[in-house]
Amino acid sequence: MSSSDTLRSRLTQLLSTDTVVYECRHCGTTCTATDADCPACGAAEIVTYRF
Ligand SMILES: [Zn+2]
């Protein structure tokens, strides 16, 4: 079953990957790890979500 193997490997990859999302708390713009301030509105409050 190649399709289930692919699905399983995809799931394993998703679960093992530590996805980090940076988002402006003020306007919701997605930022990068290097952004100290929001590039859109300049707010210094950037929240970090880990999945
Ligand atoms: Zn912002």
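Bear in mind that the values in this text are calculations on the coordinates, not laboratory data. Because the structure is a prediction, the values reported are computed rather than measured. In this analysis, Cβ positions are derived from the backbone assuming ideal geometry, glycine residues included, and neighbour counts consider all displayed protein chains.
Taking amide hydrogens as placed 1.01 Å from N in the peptide plane, the amide H of residue 43 sits under 5 Å from those of 38, each at least 5 positions away in sequence or on another chain. The label-point distance for residue 23 and residue 35, in a model that sets each label 7 Å from Cα toward Cβ, rounds to 1.2 nm.
Quarter the surface of the alpha carbon convex hull of the chain and you get the mean projected area, 4.2 square nanometres. Where does the charge balance sit around residue 31 when Lys and Arg score +1, Asp and Glu -1, over other residues with C-beta under 9 Å from its C-beta? Net local charge, residue 31 excluded: -3.
Computing FRET efficiency as 1/(1 + (r/R0)^6) for residue 44 and residue 8, where r is the C-beta to C-beta distance and R0 is 30 Å, gives about 0.10.
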